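Participant: Mind looking over this structure? Questions follow.
Taken together, the values in this text are just the output of simple stated rules run on the coordinates, not laboratory data. Keep in mind that this is a model prediction, so the values were computed, not measured. Methodologically, a virtual Cβ is constructed for each residue, glycine included, from the backbone with ideal geometry; neighbour enumeration extends over all protein chains shown.
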Amino acid sequence: MLSRPDVAVVGAGPVGLAIAWRCASRGLRVVVHDPAPGSSASHVAAGMLAPVAEAYFGEHELTGLLTASAARWPAFAAELTAAAGVDVGYRTEGTLMVGLTADDLAEARRLWAYQQGLGLPVTPLRPSALRDREPALAPRVRGGALAATDHQVNPRRLVPALRTAAERAGATLVPAAVRRLSDVDARVTVVAAGCGAAALTGLPVRPVKGQVLRLRAPGGGAPGFRHVIRGYADGEHVYLVPRDSGEVVVGATVEERADTDVSAGAVLRLLRAAVDLLPELAEYDLVETLAGLRPGTPDNAPILGPLPGRPGVLAATGHHRHGIVLTPLTADLIADLVVTGKADPMLAPFTPDRFAPAATADPAGTDADGRSGAFAPEEEHTWN
Ligand SMILES: Cc1cc2nc3c(=O)[nH]c(=O)nc-3n(C[C@H](O)[C@H](O)[C@H](O)COP(=O)(O)OP(=O)(O)OC[C@H]3O[C@@H](n4cnc5c(N)ncnc54)[C@H](O)[C@@H]3O)c2cc1C
C-alpha cells in the first residue's frame, strides 16, 4: 500500500462490498480485507427481500428499516447491473404466504393480521385465487396471502457483482483476514465481518445456524412456479425460492449452533414440508445441502454505527436473517456516515451503544504498548 487509505472495510460479504462500492464511488480510497470473499452467510442465503413476510411481532423498528431498504432495491439492482455488467437475479413476482392445514392457516392469519395492522401490503387470497396464481400448489393448501412487494435476488450473483462494482470504482481487495483492528491502517475502519465481528469488536454477534437445500427442476427447465412461497406445513415453516436457472432454494432451519454440519433430520423436515406444499418438487434433483451462520444479535436487528470508545471504527454487522435485503440501505447509511461524519437519524435505534458498554470493549483492539489501534477520524467528523 503506497499511502494510507481513507476507508478499510473488514469483510467482503454483501454488506462490506456494498459499503466499499458506495465509498469508492464517492471518491474515497478503499481497501477491503477478506481471505474468502462471499464465502460466509451470503453463500447459503436464499435472497428473499421480504420486509412484509418477515415483519414479526415486537420488531417494529427493524420492520421499518427492512421496508426502507427493500424500497431501494429496484434502483440498487439496476445501478449494480450497470456497474458490474452482471444480472443479479432480481425478481419481482412477489411472495405467496400459505397455510397447509387449518391450524397452519390460523397461525399464519395471526401474523398477517399483525402485518396488515402495520399498514403493510398483505392481500388474503382464497384457495382458488391462490391456485390461479400458482397451479402447482398442493390441493390440500387451505389458504394464503400475497405480499406483492416482497421480491428476491440471487446472492450468489449479487456478491460477485458487488465485488466487480467495488473494484471498478477503485476499491482494492486484500485477501487476508484481519486478526486485530489495530493491524488496520486507515482513516476509518468499517467492521463488516458478519459473525467474525464478535472477535474483532466484542459486539454481541452470535452465529445462528441455518440449513438449506437446493433442488433443480428436471430437464433443465425453469421451476414450475414463479412466486417465492413461504408456508406453514403441519407446523413446519418452510420457504421455496425459484430461480430462472431451474434452481429452487428450500430453507431453512434456525438453530442456536455454530457448526455447519447438515443433519438428516433437517433435510427430511425441509423436504417433507416443501413437497407437502408443492408435490412436484419430489421429482426435482437434490443438488446441494448446506448450512450457514447468520450473524445474529440479541434483538435480531443489525448493529450500525460508531463503535463506542474506538474513534474511527464503525460497525456494520449483525444483519442476522436480513443481510441481503438490508444491503442497499446499510451501504448508503454507512457511506454517508464515513463521508459526512454525521449519522442519519435512521441509524439511531441500531447503533452499537444500545448494548452494554462492557459488551463493546475491544478485547484485541489495543497494541501491546497500550495504544489504541484505531485512527481518529478527520476533524470534521463528529460520529454522532
Ligand atoms: C440459511 C440462511 C438463509 C438466509 N436467507 C436470507 C434471505 O433470504 N434474505 C436476507 O436478506 N438474508 C438472508 N440470510 C442472511 C444473510 O445471508 C446475512 O445476513 C448476510 O450474508 C450478512 O452479510 P455480511 O456481509 O454482514 O456477512 P457475511 O455474508 O457472513 O460475510 C462476512 C464476510 O466477512 C469475512 N470475515 C469474517 N471475519 C473476518 C476477518 N477477521 N477478517 C476479514 N474478513 C473476515 C468472511 O470471510 C465473509 O466473507 C440468510 C442466511 C442464512 C444462513
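Participant: Taking θ = phi - 60°, what integer Hz values does the Karplus form 6.51 cos²θ - 1.76 cosθ + 1.60 yield along the range 230-245, in sequence order, with x for Gly and Pro?
Facilitator: 10, x, 10, 10, 6, x, 9, 8, 8, 10, 10, 10, x, 10, 4, 5
Participant: Continuing with this model, one more query. Non-local amide H neighbours of A148 (under 5 Å, H modeled in plane, Pro and chain starts lacking H): which ones?
Facilitator: Here T95, T123 satisfy the definition.
Participant: Helix 264-277 sits at what angle to the longest principal axis of the chain, using alpha carbons and giving 0 to 90 degrees rounded to 10?
Facilitator: So the helix axis and the longest Cα principal axis differ by about 50 degrees.
Participant: Determine ³J(HN,Hα), in whole Hz, for all residues of the range 283-292 in sequence, where each value follows from phi through the Karplus function 6.51 cos²θ - 1.76 cosθ + 1.60 and θ = phi - 60°; x replaces Gly and Pro.
Facilitator: 8, 7, 7, 8, 9, 7, 10, 7, 10, x
Participant: Let me ask something else about it. Which residues make up the longest stretch of the chain clear of GluC sites (Glu not before Pro) that lie in a DSSP loop with no more than 10 other Cβ atoms within 10 Å, not counting the sites?
Facilitator: By the stated rule (loop sites, at most 10 other Cβ atoms within 10 Å), 1-255.
Participant: Please get the size of the charge dipole for the chain, origin at its Cα centre, with Cβ charges of +1 on Lys and Arg and -1 on Asp and Glu, quoted in debye to the nearest 20.
Facilitator: 340 debye
Participant: With N denoting the number of residues in the chain, provide Rg(C-alpha) divided by 2.2 N^0.38 Å, to two decimal places.
Facilitator: That ratio works out to 1.00.
Participant: Here is a follow-up. Jot down the radius of gyration and Dmax of the range 134-274, Cα atoms only, both in angstrom.
Facilitator: My reading of the Cα-based Rg and Dmax gives 19.7, 60 Å.
Participant: Also, quick follow-up: I need S3, S69 ordered by Cβ neighbour count within 10 Å, fewest first.
Facilitator: Taking fewest neighbouring Cβ atoms as first place, the list is S3, S69.
Participant: Give the residue list of trypsin sites (Lys or Arg not before Pro) in the range 185-229 that are DSSP loop and have at most 12 other beta-carbon atoms within 10 angstrom.
Facilitator: Listed in order of number, the matching sites amount to none.
Participant: Summing -39500 (n - 2.57) over the DSSP H runs of n ≥ 4 in the chain and dividing by its residue number, what mean residue ellipticity at 222 nm do you reach, to the nearest 500 deg cm²/dmol?
Facilitator: -9000 deg cm²/dmol
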